[in-house]
Each structure stands twice: as C-alpha cells, then as structure tokens.
Amino acid sequence: MSIHLLKRRIPRGGELLPVIGLGTWQSFDKEPSEELSKVLATFYEGGGKLIDSSPMYGKSEETVGSLIATRRKDFFVATKVWTRGEKQGFAQMEESFRKLQTRKVDLMQIHNLVDWRIHLHTLRMMKEQGRIRYIGVTHYAPSSFGELTLAIRDRAVDFVQLPYSAFTRTAEDGILAEAADRGVAVIVNRPFEEGALLRRLRAKALPTVAAELGCFSWAELLLKFILARPEVTCVIPATSNPVHMREILRAGTGRLPDERERESIAMAARG
Ligand SMILES: NC(=O)c1ccc[n+]([C@@H]2O[C@H](COP(=O)([O-])OP(=O)(O)OC[C@H]3O[C@@H](n4cnc5c(N)ncnc54)[C@H](OP(=O)(O)O)[C@@H]3O)[C@@H](O)[C@H]2O)c1
C-alpha cells in the first residue's frame, strides 16, 4: 500500500507530523503478536509516525517498545506520566524509557493533568537535558477543558491532547482556538468514543457526503470530520486490526470536508 498522508506542522519548531497517529490503550495492552506487528507495519508503510502510549495502558509501552526496537527512528514516540509527586514521576518515566527501549521520548505528556504543576517543572528539566523533545498535557473528558486551558497557557506546553468527535464537539467552544492562538499542537483522542460511535453506526448506510469525499467507511468520515479543523495537528484512533488500520489511514488522504460537509457528517453520526 502506498498512500500519501497529509502532514501538519507542529507549531513550536515547525516539524511536520502525519495527521494520522496511533492510540494504544486496550488495543496494545497485550503480548506482542503477528497481528499487532502487522498493524504497525501497515501504519508505517501508510506514512504514520506518532504512537501514543501511557504507563496507564498495561502492557502497551512494553509491547510497543519490543515491536519497534529495531526501527525506533521510524516513529514519533509519545507517552505519559501518570502519578503524583516529583520522585514518583521521575521513577515512572525512567520505567517508561526502559519499557519503550529508548533513550529519548519524542513527546512526554502529563496524563489526565495528574499533579501537572509538579510534573511540568520536571519535564522542563528533562527537555533541557535532551531526554524528551516536546512537553504535553492530556485529558479524556470535556469537563476538564477549563483546567486544560490553564495548563496550555504555560509556555512550556507544546502539545495538548483532548477528546473531540463528530458526536462530542465541546472542543469547538474555545479550547481549539486557544491552542492555535498559543502555538500549541493538538492531538485528538477518542475519535470513535472507544469504538462506541462506530458500533452504533455500523448498520447505518453511509450518507451521500461520503461519495463526495471518496470515503468508503464511517471510520474515514469520522476522522475527516476532525481533521478538517485546521487547529488539529493529528488524531490518534486505536486499533489492533490491520484492516481497520488501512481504513483509518485513508482518512488522512484526499480532500477534507468543508463546513457544509462537516455538518452533514455530524448530523448523520448523531441521527
Ligand atoms: N487521557 C488521555 O491521555 C487519553 C484518554 C483517552 C484516549 N487516549 C488515547 O487516544 C487513543 C484513542 O482513543 P480510544 O482508544 O479510547 O478509542 P477510539 O480510538 O475512539 O476507538 C478505538 C476502538 O475503535 C475500534 N476501531 C478502530 N478502527 C476501526 C474501524 N476502522 N472499524 C471498526 N472499528 C474500529 C477499535 O477496535 P479494533 O481494535 O477492533 O479496530 C477500538 O475498539 C487511545 O488508545 C489512547 O492512546 C488518551
């Protein structure tokens, strides 16, 4: 498969990142397998780079680490710190470096804003020491957007990771604009709402806008809906299925929907 994924610039520094990344919660919380290896190969061959993990995701860091060990440089590795206290934070991040089999993590994020003021101080030092390249903050819930906004006002934060989908559009109310104004890159998590959106839409025919956009699946449509927002740097759907991975990658190619087409997708996804 040879497709050309759209890329967007990370505002701080201007590095280009492919718009489709890979989430690993649940999907990679298992032993390394032929199937997961195929997911990663499909992702890489399709132009993907960013893999998002966390110490919260069970075996995910270790499995990703072992599957990419011989080709670490091919990927943009993102993980998180998810604990309280400076000492515990350091110790957990060292453990993540070990599990991911890497000396340097591309993006270290504060998971669900847990003890974020303390960890931000540590991450600044780690960035100066060259252990991490970018600093991020994340959350899974729109109810966190007030505090997430406070966090991205800190100049040390390069990335914000937040939930946004054709069904849950709270991010449009301000935080996307705030991130853009402050030069903070945006990673969108839960694009399929843990798969629930796709399970609900499975039996439903694709709306006519799908043909206009050259989309063959709901997965593509839901991702294109998100990627059409210029503030979004990349989206990180999770899958443990190489066929699904191919569908996901198609969303990062071709034309993106205009405002009318986005509203048609949102209406069809809600209906
Ligand atoms: N606070 C945080 O930092 C935070 C919070 C939430 C999520 N995240 C990150 O965001 C990532 C994505 O969120 P998520 O894992 O909650 O859910 P998601 O990406 O919204 O949905 C994943 C589900 O969709 C299914 N799926 C994927 N592609 C499909 C396709 N083409 N057709 C049918 N089903 C498909 C997957 O099943 P299959 O395996 O069968 O494809 C899986 O069950 C996470 O993995 C994690 O890395 C971070």
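What follows draws every value from the coordinates through simple rules; no lab data is involved. The shown structure was predicted, so the numbers you read here are calculated from the model rather than taken from an experiment. FYI the Cβ positions are ideal-geometry reconstructions off the backbone, even for glycines, and counts take in every protein chain you see.
From the list TYR134, TYR140, pick out the single residue that is within 14 Å of the ligand (Cβ to nearest atom) and within 18 Å of the chain's Cα centre (by Cα). Talk me through it step by step, then tell me what you get.
Numbers: TYR134 fails: within 14 Å of the ligand (Cβ to nearest atom).
Within the list TYR134, TYR140, the selection yields TYR140.
Residues to consider are GLU86, GLU61, GLU95; find the one that is touching a Lys or Arg at 6+ places or on another chain (Cβ under 6 Å) and under 17 Å from ILE110 (Cα atoms).
Testing whether each residue is touching a Lys or Arg at 6+ places or on another chain (Cβ under 6 Å) and under 17 Å from ILE110 (Cα atoms) leaves just GLU61.
Pick from ALA91, ALA69, ALA78: which is touching a residue at least 12 places away in the same chain (Cβ under 8 Å), away from the ligand (no atom under 16 Å from the Cβ) and hydrophobic (A, V, I, L, M, F, W, C)? Write out each step before concluding.
On the way: ALA91 fails: touching a residue at least 12 places away in the same chain (Cβ under 8 Å); ALA78 fails: away from the ligand (no atom under 16 Å from the Cβ).
Residue meeting the stated conditions: ALA69.
Filtering the range 253-265 down to residues that are part of a helix (DSSP H, G or I) and more than 16 Å from the ligand (Cβ to nearest atom), which residue is nearest to GLY21 (Cα to Cα)? Reasoning before the result, please.
Residues of the range 253-265 that are part of a helix (DSSP H, G or I), as a first pass: 259-265.
If we keep only those that are more than 16 Å from the ligand (Cβ to nearest atom) as well, we get 259-264.
Details: GLU259: 24, ARG260: 26, GLU261: 23, ARG262: 21, GLU263: 24, SER264: 25 Å.
Filtering the range 253-265 for residues that are part of a helix (DSSP H, G or I) and more than 16 Å from the ligand (Cβ to nearest atom), the one nearest to GLY21 (Cα to Cα) comes out as ARG262.
Give me the residue from the range 233-252 that is assigned to a helix (DSSP H, G or I) and near the ligand (Cβ under 9 Å from one of its atoms) and, out of that set, surrounded by the fewest Cβ atoms within 10 Å (Cβ to Cβ). Steps first, please.
Step one: filter the range 233-252 for residues assigned to a helix (DSSP H, G or I), giving 242-250.
If we keep only those that are near the ligand (Cβ under 9 Å from one of its atoms) as well, we get 243-248.
On the way: VAL243: 11, HIS244: 20, MET245: 23, ARG246: 19, GLU247: 19, ILE248: 30.
Going through the qualifying residues, I end up with VAL243.
Name the residue that is surrounded by the most Cβ atoms within 10 Å (Cβ to Cβ), counting only residues in the range 150-164 that are among the hydrophobic types (A, V, I, L, M, F, W, C) and part of a loop (DSSP other than H, G, I, E, B).
Once the filter is applied, the top-ranked residue is VAL157.
Residues GLU261, GLU220: which one is farther than 27 Å from LEU40 by Cα and of a type in the set (Asp, Glu)?
Going through GLU261, GLU220 in turn, just one is farther than 27 Å from LEU40 by Cα and of a type in the set (Asp, Glu): GLU261.
Name the residue that is surrounded by the fewest Cβ atoms within 10 Å (Cβ to Cβ), counting only residues in the range 189-211 that are under 23 Å from PRO230 (Cα atoms) and more than 8 Å from the ligand (Cβ to nearest atom).
ALA211
Return the residue satisfying two criteria in turn: it lies in the range 212-232 and is under 16 Å from MET267 (Cβ atoms) and assigned to a loop (DSSP other than H, G, I, E, B), and of such residues it is nearest to the ligand (Cβ to nearest atom).
If we take residues in the range 212-232 being under 16 Å from MET267 (Cβ atoms) and assigned to a loop (DSSP other than H, G, I, E, B), then CYS215 is nearest to the ligand (Cβ to nearest atom).
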